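See structure below.
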Amino acid sequence: MTGAREGSWGAFADEAPELARDVRAAFTVRKHCTMATLRADGAPRISGTEVQLEPAELHIGSMAGARKAHDLLRDGRVAIHSPTVDPPEGDESSWAGEAKLSGRAVGVPSEDGSHRFRIDLEEVVHTAVDGDRLRIRSWHRGRGVQERHRA
């Protein structure tokens, strides 16, 4: 992906390939994700969404006229949480983990009248179990990857 646009999924994956692999796995374990947007009065709105992870870009879509789409057209700040799956009981370390990302949604043309947005990434986080601790890896644009553990 050399030459990928800054903030794109491709640029993130180039910089942090192992983290990108694990985040992709978390986002594709199921179809439905949870997204947070900001209402006109600044209050948070939680909505369901689906993520399209392409080699170079990450997109979400919305039906025409949906409140979440109006939120994003007005203020593109967004956070998305991967589908969740419980860790296997007694074998928590085999859990694929969960992921979340945040950034800005940028409207892109759609041929069918629905809304489509490209997500310009600011932060990506993957959490998994490592033995008896949580392993939290995060990437921030301009800062790179950091890893920490919690007991």
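The values are calculated or read from the model by the stated rules, or taken from the named source; none is laboratory data. Bear in mind the structure is a predicted one, so any value in this text is a computation, not a measurement. Every residue, glycine among them, receives a Cβ derived from its backbone with ideal geometry; neighbour counts consider all protein chains shown.
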Exercise for review: Determine whether SER138 is within 17 Å of GLU18 (Cβ to Cβ), at pLDDT 90 or above and touching a Phe, Trp or Tyr at 6+ places or on another chain (Cβ under 9 Å).
Suggested key: no
Practice item. Mind listing whichever residues of region 1-33 are surrounded by 18 or more Cβ atoms within 10 Å (Cβ to Cβ), assigned to a loop (DSSP other than H, G, I, E, B) and out of contact with any strand residue (DSSP E or B) (no Cβ under 6 Å at 6 or more places or on another chain)? Key: SER8
Review point. Are any residues in region 44-89 among the acidic types (Asp, Glu) and either closer than 27 Å to ALA13 by Cα or touching a Leu at 6+ places or on another chain (Cβ under 7 Å) (or both), and if so, which ones?
Key: GLU50, GLU54, GLU57, ASP71, ASP75, ASP86
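Take GLY97 and decide whether it is touching a helix residue (DSSP H, G or I) at 6+ places or on another chain (Cβ under 8 Å), over 30 Å from HIS70 (Cβ atoms) and at pLDDT below 95.
Spelling it out, GLY97 is indeed touching a helix residue (DSSP H, G or I) at 6+ places or on another chain (Cβ under 8 Å), over 30 Å from HIS70 (Cβ atoms) and at pLDDT below 95.
Filter region 34-55 for residues that are within 17 Å of HIS126 (Cα to Cα) and not β-branched (Val, Ile, Thr); which is surrounded by the most Cβ atoms within 10 Å (Cβ to Cβ)?
Among those residues, the one meeting the criterion is MET35.
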Review point. Are any of the residues in region 107-122 exposed (fewer than 13 other Cβ atoms within 10 Å of the Cβ) and within 24 Å of ALA11 (Cα to Cα)?
Key: yes
**Study point:** region 118-145: number of residues that are under 17 Å from the mean Cα position of the chain (by Cα) and on the phi < 0 side of the Ramachandran plot
**Key:** 18
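Could you tell me whether ARG148 is touching a Leu at 6+ places or on another chain (Cβ under 6 Å) and within 19 Å of ASP22 (Cα to Cα)?
The answer is no for ARG148.
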Point to revise | Criterion: out of contact with any Phe, Trp or Tyr (no Cβ under 6 Å at 6 or more places or on another chain) and at pLDDT 95 or above - qualifying residue of GLY113, GLY103, GLY65 | key: GLY103
Review point. Conditions: (1) surrounded by fewer than 20 Cβ atoms within 10 Å (Cβ to Cβ); (2) over 10 Å from the mean Cα position of the chain (by Cα); (3) of a type outside the set (A, V, I, L, M, F, W, C). GLY97 meets all but one. Number of the miss?
Key: (1)
Check your understanding: Is region 42-54 home to any residue that is over 20 Å from SER138 (Cβ atoms), among the acidic types (Asp, Glu) and within 13 Å of the chain's Cα centre (by Cα)?
Key -> yes
Practice item. For region 41-50, state whether one or more residues are closer than 22 Å to SER114 by Cα and in a loop (DSSP other than H, G, I, E, B). Key: yes
